[in-house]
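One structure is given here, and the rest of the page talks about it.
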Amino acid sequence: MKRIILVGKPNSGKSLLFNQLTGLRQKVANFPGVTVELKSGKFEQYQLIDFPGAYSMSTLTRDEEIAVEKINQALLDQQTALIICNLDATRLQSSLMFGMQMQAMAQRYGKPMVFALNMIDEVARFGHQIDVAALSKDLGAPVYAISAKTLEGIAEFKTAVLQDAEQAATEINAEDTAALPALDFSEQVKQSRLLAAKYGIQSTVVLKHQNAIDSFMLSNLSGGIAFLLVMFLLFQSIFTFATPLMDAVETVIGSIASFVTDLTGPGMLADFLNDAIFGGLGSFLVFVPQIMVLTLIIGMLEDSGYLARAALICHKPLSYFGLSGRSFIPFLSAHACAIPAIMAARTIESPRKRLITMLTIPLMSCSARLPVYALLVAVLIPDTRYLGGLVNLQGVAFFGLYFFGIVTALLVSLVLSRSSLNDDAKSDMPFILELPTYRLPHWKPLIHRVTNSAKQFVYRAGPVIFMVSLGIWVLGYFPTGAGGLQDSYLGMMGHWIEPLFAPLGLDWRYGVAILMSFLAREVFVGALGTLFGMDGADENIAGLAANIQADGLTFGAGMGILLFYVVALQCVATVATLKAETGSTKLVTGLVIGYGALAYLLAMLCAQLL
Amino acid sequence: MMTLWDASGGQTVMVTSLDPAIDLSVSSRLREMGLDCGDPVLCLRRGPFQGTLVVAIADCVYSLEQHIARKIQVKPL
Ligand SMILES: Nc1nc2c(ncn2[C@@H]2O[C@H](COP(=O)(O)OP(=O)(O)O)[C@@H](O)[C@H]2O)c(=O)[nH]1
């Protein structure tokens, strides 16, 4: 299929335009094996590819390097029919600075290119008008004024772009072109300034609104309070807002379970469905709403423009730990999933700080830990509410666990930054960060992102949990049948590993669940659900927490499991991504062993001392 | 010699030179961004904890750390 590629500077509305053109029918390839996050979608008969944003063709950070590398590949590719360069109409100078460099490259490789003058609705709001025809003439390329938000001009844009894509690319000899000296862009930089002065809005007008909010958000006192409040609400809401949804999922699964088992009648099939399917898989699905709430809030923070401010606020404190303010964004998104976070670390200016950030990202509590935390917090901490329900003791415990992960990450960073790890001269790129305009998030892509995160979570962990539940059930059911877990095959194996978990105050059932969760952390809940389902006569699958409580898990041992899950690196996909991004098997192996040992030690201390 | 780091909130200054010690890739990016000799820069405020400087350059707002802002020589406008 012929391709159209979409490029532009960051924060210029490129993603939204991409979504509007492809109607959200896109694939995001951001899991292991894929090194770059390129979104692609169908736009009529073309494949539209969204390239990572870049400020300039001369690169500073690893993410820009990758973006430019990919752009070069696309320019050489026969299949590339057209380049769309997205411009932020309210910021012509910086948009054109990149856009005109891109244009020079496209010309060299004989590829047709058009400009999408996006955010034209805002230009109108500022009471300004851009002479699009004249700008197009000056640029020597088609320019289409559009708004990806209000959809103004989008229909015409689609038609025009499809026509532009039909025009044949100039035949060039790729080898000859590759041999040409690198382009010098000083002329483009100069031109972009002139054109911006001629057509653009005065920057003081554009920046006024943003500056007003920043004087609040970035002041010492109010900015600090706002930051802490945002972070607290983020973690609290995972617990508070998600609860009704979780109850709903629980009820639905419960009624399906009783309906199905009524149909089958008692027997082995009913035992299997109840314990392995509804007990194992079901107790895991209950946590999907929490993942959705977390993704929603991180997405809102990202779209609103606040994240860049948070990075700025954190720059100084993080620098004491050998990190950069830019480490903040990967750290925050690591609370959803470590894999995109490790890739987001590419934006970090210094290779050394980038490495330290990547190595400590697994300590942030990703959503796969949520089910484990939620289950054990429900077991160990009473559901007490203060301030009319706004503060919930279980929510505070959650916050504590996340906080523990963050503090551990900072301490590890400190240790790593004092070591001689990757100490080369280039390590000293400065911290330069654009602060984008504050905007209300657009709900449509946000909802899409939230449902996507739930889907990915289920697709990724679901099959593993299913297989593990099945395996555990078979091993635990035979040869004795229902109710004979202790004497089953699994029980026998369990007793071998018991010595390993005895110092943690845990019996073999927890041992099995912990070992299984080295496949994926969520497996813990499924495995335990199956085990307790088989063990107890209790048919109520909704009550795994109650079952564990009744079984008498001690506070110390329970806290030990929690801390173990905060620290241990139990995710095959994360290990693979780390290996790909750091290029060092040794480093990553050391990390798995190191975090594992630390986790075990902490769990033992908890069990012995609490 | 005044550097960008010395500028106070609300002050507009003009870039006079970039320290030659700045890595070439960084200084050329700074020039592209609008920190070339003769370019005006509006210092908006200092970030919390004196960690960074918030400046308006051309049509964008950036946050720069001390380490680099110290290497940009300016004069008041
Ligand atoms: N007013 C307005 N806002 C837009 C428009 N296009 C995008 N945005 C908003 O600008 C912000 C950045 O857009 P995004 O697509 O994420 O930018 P990217 O970084 O270039 O991919 C988001 O909050 C969008 O909702 C537009 O045409 N008009």
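Miscellaneous remarks
- Charge dipole of the protein assembly as shown about the Cα centre (unit charges at C-beta), most positive-ward option of A:N72, A:L435, A:I381: A:L435
- Going by neighbour counts of Cβ atoms within 10 Å, the residues B:R31, A:R509 line up, fewest first, as B:R31, A:R509.
- Helix B:24-33 and the longest principal axis of the C-alpha atoms of chain B enclose an angle of approximately 60°.
- Around the Cα centre of region A:496-610, unit charges on the Cβ atoms of Lys, Arg, Asp and Glu (plus for the first two, minus for the last two) sum to a dipole of about 540 debye.
- Once the Cα atoms are used to define both axes, helix A:443-477 deviates from the longest principal axis of chain A by about 30 degrees.
- Helix A:154-166 vs. chain A, principal-axis angle (Cα, 0 to 90°, nearest 10): 70
- For region B:4-76, the equivalent ellipsoid derived from the alpha-carbon gyration tensor has semi-axes of 17, 13, 11 Å in decreasing order.
- Only Cα sites of chain A enter the Debye sum here, all with the same form factor; the resulting log10 I(q)/I(0) across q = 0.09, 0.10, 0.11 1/Å is -0.80, -0.95, -1.09, listed in q order.
- When each of A:K149/A:K190; A:K137/A:K158; A:K316/B:K71 is checked by Cα-Cα distance, pairs over 22 Å: A:K149/A:K190
- Inter-chain neighbour count for A:308-318: the average number of beta-carbon atoms from partner chains within 10 Å of each residue's beta-carbon is 4.
- Look at A:F466, A:F272, A:F185 and count the other Cβ atoms within 10 Å of each Cβ; fewest to most, that gives A:F466, A:F272, A:F185.
- Measuring nothing but alpha carbons in region A:380-516 and taking Rh as the Kirkwood radius, the Rg to Rh ratio lands at 1.12.
- Helix-only [θ]222 nm of chain A, DSSP H runs n ≥ 4, -39500 (n - 2.57) each, per residue, nearest 500: -19500 deg cm²/dmol
- Under 22 Å from A:K579, Cα to Cα: lysines that are on another chain or at least 8 residues apart: A:K70, A:K353, A:K426
- Using C-alpha pairs below 8 Å separated by at least 6 residues, the relative contact order for region B:4-76 is 42 percent.
- With helices as the sole contributors, chain B gives -4500 deg cm²/dmol at 222 nm; each DSSP H run of n ≥ 4 counts as -39500 (n - 2.57), and the sum is divided by every residue.
- Long-range amide H partners of A:K39 with built H, under 5 Å: A:D50
- Using θ = phi - 60° in the Karplus curve 6.51 cos²θ - 1.76 cosθ + 1.60, the 3J(HN,Hα) couplings for region A:52-66 round to x, x, 8, 8, 7, 6, 8, 9, 10, 10, 4, 5, 5, 4, 5 Hz; x is entered for Gly and Pro.
- Calculated FRET efficiency for the pair A:R108/A:Q45, C-beta based, R₀ 25 Å, to 0.05: 0.40
- Residues of type aspartates and glutamates that A:K455 reaches as a straight line, Cα spacing below 15 Å, ignoring anything fewer than 8 places off in the same chain: A:E522
- Note on A:K9: aspartates and glutamates with a C-alpha under 14 Å away, same-chain residues under 8 apart excluded, are A:D50, A:D63, A:E64, A:E65, A:D88, A:E434, B:E32, B:D59.
- Order of A:W473, A:W508, B:W5 - criterion: other Cβ atoms within 10 Å of each residue's Cβ, fewest first: B:W5, A:W508, A:W473
- Here the spin labels are modelled as points 7 Å beyond Cα on the Cα-Cβ line, and at A:D262 and B:H67 they lie 6.7 nm apart.
- Share, in percent, of DSSP beta bridges within region A:3-201 that are antiparallel, nearest 5: 30
- DSSP-defined antiparallel bridges as percent of all bridges, chain A, nearest 5: 35
Every number here is computed from the coordinates shown, using simple stated rules; none is lab data. Predicted model, so just to flag it, every value in this text is computed and none were measured. Virtual Cβ from ideal backbone geometry, glycine too; neighbours counted across all protein chains shown.
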